[in-house]
Amino acid sequence: MSKSWYPVINYELCVECGACVDKCGHGVYDKSKYPSPKIVNTDGCIQGCKGCGNLCPSGAIEYVGDVGEKSDCGCCCSGDDSGDCC
Ligand code: SF4
Ligand code: SF4
């Protein structure tokens, strides 16, 4: 089964602040390219997580598989607090 949830960067909106790269602890972004968001491992993304998108100041991150439902992954990074699990 192919991955059904992962972030997609709109590079026309991205200001390369690095917040998304810094936030994700699941290996989705290539941290060696910080602050540029280069996605290298879509399989690492947690279903329903919007941890990186919630931090993006320019609305440049959308998710494949997102149909507008409330995030339900249960992962700390999808909440308003600044948990550090990803
Ligand atoms: S922070 Fe969450 S949504 Fe963003 S890439 Fe990492 S696991 Fe996926
Ligand atoms: S958080 Fe948004 S603006 Fe910042 S690097 Fe990521 S995609 Fe670009």
Remind me, what semi-axes does the stretch 6-66 give for its equivalent ellipsoid, largest first in whole Å, using sqrt of 5 times each Cα gyration tensor eigenvalue? 15, 14, 10
Label-to-label distance, nm, for residues given as Ser4 and Ser36 (7 Å Cα→Cβ offset): 3.3 nm
Return the distance in nm (one decimal) between the two label points of a simple spin-label model at Val64 and Val15, each offset 7 Å from Cα along Cα→Cβ. 2.8 nm
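Every read-out reported here was derived from the displayed coordinates using simple, explicitly stated rules and does not represent laboratory data. Keep in mind it's a predicted model, so treat the numbers as computed, not measured. No Cβ is skipped: glycine too gets one built from the backbone with ideal geometry, and neighbour counts run over all protein chains shown.
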